[in-house]
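Notes follow the structure.
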Ligand SMILES: Cc1cc2nc3c(=O)[nH]c(=O)nc-3n(C[C@H](O)[C@H](O)[C@H](O)COP(=O)(O)OP(=O)(O)OC[C@H]3O[C@@H](n4cnc5c(N)ncnc54)[C@H](O)[C@@H]3O)c2cc1C
């Protein structure tokens, strides 16, 4: 638990960007974190798996990496188990643990990279599930006062790829552990067409393990593995527009991909907008847009965070000009 100086973060971010932290340290418990917070040079940045961050420069101050472990059932009844998970546990390891223990609720979130501590930050979601559906509460430490605080579901203000930790309380708390209520009698959610098709093609019965395997297979086909090509998954959120604007665009672009999410709101597939604006497969030096996933910006090797940021801004501008829609980054830009 000591600070190292001029520490390379290249292997600690899935874009594989070569940046350095002025000071870097790891913590394994709340007590260790509190000690580090007293000593750490400001500003302080908390790092999990580095799978949702675009580093555009070297970091002044301190980067603290969450390595708090542990997965424990702390309460249970006939139907559910309350599971406490350390913020430094890898999200996918927790998913596999839940399947091995026959506990349902997060199988659709298989293979999402990153740490459990970062999962509530943007209410991670995939294939029709978000963590808010199984979230019970979390324990966090205030960076300046060192106070330990419990946040229940309402406190977190979860939304689409959003929580209070990305809004009002941004940069103020370190999430140390998260409690989830998982189901002993799982309710399977295979409503996403591709999941159902995959299960059918696998010719297996629908259970937790097979849903997870189906989703892993789909994701491995669809998304570039950061070990091979640096990326952070979806770079932008899917934008929401009014039904009126959607109808207007639909008349102009009949193939536009959108689905209704509320009485007057339609969510649009950002990948479709980016592809139609001509960016899919774009490559300039080592920066690009993945050839089969227009939502995924990539580092082919030596790209700089600033180049990826510039590319993302160019994409935003052209989507704005062509469709009058503002794309908002999902990735945290630092
Ligand atoms: C190939 C790929 C696929 C992906 N697919 C999905 C997907 O399907 N759905 C989805 O929702 N996301 C997806 N992501 C994004 C990413 O995996 C998630 O956002 C994940 O939760 C990030 O976790 P992390 O530990 O890597 O966070 P980091 O990238 O380390 O941090 C993200 C942000 O959270 C802050 N932070 C991290 N840990 C803490 C903590 N303990 N306390 C306070 N702040 C903290 C950081 O300061 C930073 O601002 C994908 C990423 C990749 C690379």
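The values are calculated or read from the model by the stated rules, or taken from the named source; none is laboratory data. As the structure is a prediction and not an experimental result, all values here were calculated from the model. We place every Cβ from the backbone using ideal geometry, glycine too, and count neighbours over all the protein chains shown.
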Exercise for the section: Could you pull out every one of the helices (runs of 4 or more DSSP H) wholly within region 190-293 that has 2 or more residues that are within 27 Å of residue 92 (Cα to Cα) and either more than 20 Å from the chain's Cα centre (by Cα) or free of Cβ contacts under 8 Å to residues at least 12 places away in the same chain (or both)? Expected result: 193-202, 208-222
Fill in the blank from the handout: Those residues of region 166-203 that are away from the ligand (no atom under 16 Å from the Cβ), more than 17 Å from residue 127 (Cβ to Cβ) and exposed (fewer than 15 other Cβ atoms within 10 Å of the Cβ) come to a total of 3
Completion exercise
The correct count of residues that are under 17 Å from residue 87 (Cα atoms) and without any contact (Cβ under 8 Å) to a residue 60 or more places away in the chain in region 30-49 is 4
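Let's see how each residue does on (1) modelled with pLDDT under 95; (2) surrounded by fewer than 17 Cβ atoms within 10 Å (Cβ to Cβ); (3) within 15 Å of the ligand (Cβ to nearest atom):
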| site | (1), (2), (3) |
| --- | --- |
| 271 | no, no, yes |
| 276 | no, no, no |
| 283 | no, yes, no |
| 289 | no, no, yes |
| 296 | no, no, yes |
| 305 | no, no, yes |
| 329 | no, no, yes |
Fill in the blank from the handout: The residue that is farthest from the ligand (Cβ to nearest atom), considering only those in region 90-109 that are in a loop (DSSP other than H, G, I, E, B) and either buried (at least 22 other Cβ atoms within 10 Å of the Cβ) or modelled with pLDDT under 95 (or both), is 103
Handout entry: residue 61 being modelled with pLDDT of 95 or more, within 13 Å of the ligand (Cβ to nearest atom), farther than 14 Å from residue 180 by Cβ and surrounded by 20 or more Cβ atoms within 10 Å (Cβ to Cβ)
Key = no
Practice task
State all residues of region 29-43 that are in contact with a strand residue (DSSP E or B) (Cβ under 6 Å, 6 or more places away or on another chain) and either part of a helix (DSSP H, G or I) or assigned by TED's automatic domain parsing to the domain that holds residue 93 (or both); if no residue qualifies, say none.
Solution key: 30, 33, 36
Practice task
Could you please find all residues in region 71-89 being surrounded by 19 or more Cβ atoms within 10 Å (Cβ to Cβ) and in a loop (DSSP other than H, G, I, E, B)?
Solution key: 87, 88, 89
Exercise for the section: Run down 140, 118 and say which single residue is within 20 Å of residue 53 (Cβ to Cβ), modelled with pLDDT of 95 or more, within 9 Å of the ligand (Cβ to nearest atom) and assigned to a loop (DSSP other than H, G, I, E, B). Expected result: 118
Practice task
Go through 46, 68, 112, 60 for me and flag whichever is assigned to a strand (DSSP E or B) and within 23 Å of residue 151 (Cβ to Cβ).
Solution key: 46
